[in-house]
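Okay, structure first, notes after.
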Amino acid sequence: MHAILFSLVALFCGIGILLVGNGLLGTLLGVRSVSLGFSLEVTGMVMAAYFAGFIAGSLRCVDLIERTGHIRTFAALAAVASAAALAHVLLESPFAWAILRFIMGFCFAGLYMVMESWLNGMSDNTSRGRILSIYMMVNLGSLAAGQFFLFLPDPGGFALFCIASMLMSLALVPITLSSLFRTSPLGLAGSFASGLGLGPFWSMAPVFCSTLGLSETLTAIFMSSTIIGGVLLLWPIGRMSDTLDRRRVITILCAASALSSLLIILVAGTSPLALFGLAMVWGGFSFPIYSISVAHTNDFLKSDDLLSASSGLLLVYGAGAILGPLLSGLAMGYLGASGLYVWVAGVMGTMVAFSIYRTSVRDAPPAEERAAIVFVPRTTHVAYELDPRVSVPENEPT
């Protein structure tokens with residue numbers, strides 16, 4: 001029972017986040033309709049549209065789930081619900097709200113079906129009653145928690161609608177990440193560490209140079225040197241990862257990135273030429289970490305799963321790239337300009353330790369099952385369709 005509950009933690013977190021947003025929105029619309037002057041009869045019809053959509057979704061979403069799968073259906077419906085939540089504040093008329101409430105009801109019928117089918121599939125006859133009881137506690141507790149957001153900004157503004165939309169979008173994160181973590185903990189950690197390290201480079205490295213007193217020209221050379229280093233070493237490091245255990249390659253890259261970060265700290269403020277050379281070395285070893293982490297994760301996946309997994313890893317990288325500048329900025333505030341590379345050295349040093357640990361507890365996939373690495377940009381998940389290993393479904397005729 002404890003093992004089953006542990007495996008369901010991420011799912012319960014996703015359910016909770018989703019329903020906090022839905023609970024907030026349902027009450028917010030009632031309060032907002034009064035402030036907009038809707039009559040009680042009209043407000044009742046608008047709110048009833050949600051349950052009309054819920055009935056329609058209960059009838060139609062079964063086919064949708066069977067055609068596209070649980071995770072894709074969950075992602076699509078959560079995205080539509082998130083957009084509909086924001087649209088309420090843009091279209092403040094009873095007719096528009098009734099349509100949006102119908103859409104919300106349709107989406108949540110499908111979301112409930114996906115969540116409850118997951119719970120039934122992951123439980124057995126000896127645990128199903130307790131698991132469904134926990135599910136109802138999470139369900140009702142989350143709806144109740146959503147009400148407390150009304151204490152924050154003015155319900156007449158935009159902020160609460162934005163919060164509800166964000167919560168519905170974020171509900172997919174714990175579900176996606178739990179699946180990726182089970183597949184490849186190191187690949188997930190490497191993607192996150194790459195965001196923590198490279199995110200600050202793009203935003204805080206110019207601050208680092210300016211704090212050292214470098215001119216605009218020297219700052220441009222420093223940035224270009226780092227990027228050129230990444231370009232020069234991407235291909236040879238990719239080839240190396242195709243012949244060696246990718247976990248060892250990740251360990252080497254993170255160790256070299258941490259070491260070059262410390263050397264940059266030592267030469268900062270002395271020789272610009274040495275600084276540019278070390279920047280090139282740092283870029284050469286830091287930029288490939290994300291791609292090797294993705295390749296390592298893909299070694300454990302089927303071609304049909306590559307696109308969704310790569311999208312999840314890109315999400316993790318983005319989360320790291322958000323946190324990285326914030327935390328490195330704090331480090332620079334305490335330590336001065338060198339705080340940027342102290343932060344990067346700490347992140348990469350932690351990755352070295354985790355990579356060594358993962359190498360010791362899991363065997364590498366057989367060499368014949370590993371595909372050659374394919375470098376793709378960290379832009380959007382659509383870029384991963386350029387990877388020839390990815391199975392992209394054909395558009396069906398309508």
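Any residue that is over 19 Å from residue 111 (Cβ atoms), in a helix (DSSP H, G or I), of a type outside the set (D, E, K, R) and out of contact with any Asp or Glu (no Cβ under 6 Å at 6 or more places or on another chain) - is there at least one of those in the stretch 78-89?
Restricting attention to the stretch 78-89, the residues satisfying the condition of being over 19 Å from residue 111 (Cβ atoms) are 89.
Adding the requirement that they be in a helix (DSSP H, G or I) leaves 89.
From what's left, of a type outside the set (D, E, K, R): 89.
If we keep only those that are out of contact with any Asp or Glu (no Cβ under 6 Å at 6 or more places or on another chain) as well, we get 89.
Yes: one or more hits.
In the stretch 136-176, how many are buried (at least 17 other Cβ atoms within 10 Å of the Cβ), farther than 29 Å from residue 38 by Cα and over 24 Å from the mean Cα position of the chain (by Cα)?
The qualifying residues number 0.
Going residue by residue through the stretch 299-307, is there one that turns out to be within 28 Å of the chain's Cα centre (by Cα), within 17 Å of residue 355 (Cα to Cα) and among the hydrophobic types (A, V, I, L, M, F, W, C)? Can you show your working first?
Initially, the stretch 299-307 is screened for residues within 28 Å of the chain's Cα centre (by Cα), giving 299-307.
Among the residues that remain, those that are also within 17 Å of residue 355 (Cα to Cα) are: 299-300.
Checking which are among the hydrophobic types (A, V, I, L, M, F, W, C) leaves us with 300.
Checked against the condition, which is being within 28 Å of the chain's Cα centre (by Cα), within 17 Å of residue 355 (Cα to Cα) and among the hydrophobic types (A, V, I, L, M, F, W, C), the stretch 299-307 yields at least one hit.
Taking the conditions exactly as written (of a type outside the set (Asp, Glu) and either part of a helix (DSSP H, G or I) or within 20 Å of the chain's Cα centre (by Cα) (or both)), does residue 337 satisfy them or not?
Values: of a type outside the set (Asp, Glu): yes; either part of a helix (DSSP H, G or I) or within 20 Å of the chain's Cα centre (by Cα) (or both): no.
Answer is no for this residue.
Listed here are the residues, each with its yes/no results for (1) in the same structural domain as residue 212 (by TED's automatic domain parsing); (2) within 16 Å of residue 343 (Cα to Cα); (3) touching a residue at least 12 places away in the same chain (Cβ under 8 Å).
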{"position": "250", "(1), (2), (3)": "yes, no, yes"}
{"position": "258", "(1), (2), (3)": "yes, yes, yes"}
{"position": "261", "(1), (2), (3)": "yes, yes, yes"}
{"position": "270", "(1), (2), (3)": "yes, no, no"}
{"position": "279", "(1), (2), (3)": "yes, yes, yes"}
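If residue 112 satisfies all but one of (1) of a type in the set (Phe, Trp, Tyr); (2) under 30 Å from the mean Cα position of the chain (by Cα); (3) within 21 Å of residue 32 (Cα to Cα), what's the number of the condition it fails?
(3)
Out of 43, 68, I need the residue that is more than 30 Å from residue 151 (Cα to Cα), surrounded by fewer than 19 Cβ atoms within 10 Å (Cβ to Cβ) and not charged (D, E, K, R). Which one?
Numbers: 43 fails: more than 30 Å from residue 151 (Cα to Cα).
From the options 43, 68, the qualifying one is 68.
Can you tell me which residue within the stretch 125-153, out of those that are part of a loop (DSSP other than H, G, I, E, B) and touching a helix residue (DSSP H, G or I) at 6+ places or on another chain (Cβ under 8 Å), is nearest to residue 66 (Cα to Cα)?
Residues of the stretch 125-153 that are part of a loop (DSSP other than H, G, I, E, B), as a first pass: 125-127, 152-153.
Next, from what is left, pick out any that are touching a helix residue (DSSP H, G or I) at 6+ places or on another chain (Cβ under 8 Å): 127, 152-153.
On the way: 127: 26, 152: 41, 153: 41 Å.
Residue satisfying both the conditions and the ranking: 127.
To keep it simple, each residue is scored yes or no on (1) assigned by TED's automatic domain parsing to the domain that holds residue 79; (2) closer than 30 Å to residue 356 by Cα.
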| position | (1), (2) |
| --- | --- |
| 159 | yes, no |
| 170 | yes, no |
| 190 | no, yes |
| 193 | no, yes |
| 199 | no, yes |
| 206 | no, no |
| 211 | no, no |
| 221 | no, no |
| 227 | no, yes |
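With the requirement that a residue be of a type in the set (Phe, Trp, Tyr), touching a helix residue (DSSP H, G or I) at 6+ places or on another chain (Cβ under 6 Å) and under 20 Å from residue 41 (Cα atoms), what does the stretch 79-109 give you? Spell out how you get there, then give the answer.
Just the residues of the stretch 79-109 that are of a type in the set (Phe, Trp, Tyr), to begin with: 95, 97, 102, 106, 108.
Narrowing further to those that are touching a helix residue (DSSP H, G or I) at 6+ places or on another chain (Cβ under 6 Å): 97, 102, 106.
Matches in the stretch 79-109: 97, 102.
Restricting to the stretch 81-107, and then to whatever is surrounded by 16 or more Cβ atoms within 10 Å (Cβ to Cβ) and under 22 Å from the mean Cα position of the chain (by Cα), can you tell me which residue is farthest from residue 161 (Cα to Cα)?
Filtering the stretch 81-107 for residues that are surrounded by 16 or more Cβ atoms within 10 Å (Cβ to Cβ) and under 22 Å from the mean Cα position of the chain (by Cα), the one farthest from residue 161 (Cα to Cα) comes out as 107.
Would you be able to tell me the number of residues in the stretch 213-245 that are surrounded by fewer than 13 Cβ atoms within 10 Å (Cβ to Cβ) and outside any helix (DSSP H, G or I)?
2
The values are calculated or read from the model by the stated rules, or taken from the named source; none is laboratory data. The model shown is predicted, which means the values in this text are computed figures rather than measured ones. Note that we place each Cβ from the backbone using ideal geometry, even for glycine, and neighbour counts take in every protein chain shown.
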